[in-house]
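Just below is one structure, and these are the notes that go with it.
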Amino acid sequence: MPCICIFPRVEGLGGVTSFRLKFEQGLRARGVDVTNDLNESSDAVLVLAGTKSLLPLRRARSQGRRIVQRLDGVNWVHRLRWAGLRYTLRAIYGNWNLSFIRRKIATHVIYQSQFVKRWWEDWYGATHVPSSVILNGVDLEQYTPNGLHERPSGHHRLLIVEGSLTGALNSGLFHAMELAAHLSKKFKIELCVAGQVDRRTRNKLEHQTLFRTRLLDAIPREQIPWLMRSSHLLFSAEVNPPCPNSVIEAMACGLPVIGFDTGSLSELAQGDAGRLVAYNANPWRLEKPDIPSLVEAAEEVLRDNERVRKSARQRAESTFGLEKMTDEYLKVLLD
């Protein structure tokens, strides 16, 4: 029986943990053993981004094991906005760690989107080892339009699901506030945010009166399908997102996606699964985007919500099943 080492064993509510849990589920369903211990025998090691355990990882490679690195985006916001010394140092070290493993240890690199692949190759050059692009997947039985929900009938719920919208990462939340304010001229709007929000931004949200606000902080993973079924729109708030799980999960739940056409979003929310609009400024400088175009797109989806919900689910079923993602990873890990 083959065995895959998934390392490091990340915990928490973030996207990497979500991937680990989903992928381990998919592997075990195929009769593949899973370990998170580099010292245990395995056929291949899947490195989830980076790790401080560089020497054990190099030892695993010297033993002839395949080392496959799964890469997200590059830390970049710290170059534009000061968010404290700790954040900046972690971002700089993180980039060094990821690039070192990519350049010196990995025998194969998996990028989460074509956008991520171009990004790494533009900033750090092409690798001398094979690489693949594999989009994230989701359990279509867990993330589904069918199930309990509390979608309001008296107002429209605009949802944001992000791990963190604090400090230097809060620009997308201000875009959402402008969007909600404009939409409130024609609709009753509730802006619902599932993610960490800093105190200063929280105060601004709680003291405005143009639309309702609901701040949930980080919520348990098992509640996300219910929350998505209970909303009318998902706004992808991150600028230049590498491959946001929230977008894929939303489409699987039949929740239409709106956002600016930056990062990998055009690879995900295709067809009639939602609406993407041009940023019409420089997102890499976090310049002010084209909010009026975003408002127009949101209005269009709200007026035709039921039809677009069906299209979002169809997009997820055609492309983002967990089985498909698992098969593509196994081709790399065990080929």
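Rule-based calculations on the coordinates, nothing more; no lab input. Note that the coordinates shown come from a computational prediction; the quantities given were computed from them, not determined experimentally. Cβ coordinates were reconstructed from backbone atoms using ideal geometry, including for glycine residues, and neighbour counts include every protein chain displayed.
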For the stretch 2-71 versus the stretch 271-331, the gap between their alpha-carbon centres in whole angstrom: 30
How many nm is it between the label spots at Leu55 and Ala181, if each spot is 7 Å from the Cα in line with the beta carbon? 5.5
Per GNM of the chain with C-alpha springs under 10 angstrom, the most fluctuating residue out of Ser153, Ser62, Ser311 is Ser153
For the chain, take the alpha-carbon Rg, divide it by the Kirkwood Rh, and send me Rg/Rh. 0.97
CD proxy at 222 nm, helix term only [per DSSP H run n ≥ 4: -39500 (n - 2.57); per residue of the chain; nearest 500]: -12000 deg cm²/dmol
The alpha-carbon pair-distance distribution computed for the stretch 206-335, with 10 angstrom bins and whole-percent values, is 11, 37, 36, 13, 3, 0
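Between Asn203 and Asp37, how high is the FRET efficiency from 1/(1 + (r/R0)^6) when r is the Cβ-Cβ distance and R₀ = 45 Å? Nearest 0.05.
Numbers: r = 45 Å, r/R0 = 1.00.
Working from the Cβ atoms, E equals 0.50.
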About the Cα centre, charge dipole magnitude for the chain (Lys/Arg +1, Asp/Glu -1 at Cβ), debye: 840
Given R₀ = 45 Å, what would the calculated FRET efficiency be for Arg30 paired with Leu210, taking r from the Cβ atoms and rounding to 0.05? 0.35
Rounded, prolate or oblate: which fits the stretch 279-335, taking a ≥ b ≥ c as square roots of the Cα gyration tensor eigenvalues, rounded meaning a/c under 1.5, else prolate when a/b beats b/c? oblate
Label points 7 Å out from Cα along the Cβ direction at Asn97 and Asn280: separation in nm? 4.1
Excluding same-chain residues fewer than 8 positions from Lys204, which lysines have a Cα within less than 29 Å of its Cα? Lys185, Lys186, Lys188, Lys288
What are the ³J(HN,Hα) values, in whole Hz, obtained from phi via the Karplus relation 6.51 cos²θ - 1.76 cosθ + 1.60 with θ = phi - 60°, for each residue of the stretch 146-158 in sequence order, with x given for Gly and Pro? 8, x, 5, 7, 9, 5, x, 9, x, 7, 9, 9, 9
Cross-link reach list, lysines versus Lys324, counting only Cα pairs under 29 Å and skipping chain neighbours closer than eight places: Lys22, Lys117, Lys310
Could you work out how much longer the chain between Ser62 and Ile219 gets when fully extended? Use 0.36 nm per residue separation minus the Cα distance between them, nm to one decimal. 52.4 nm
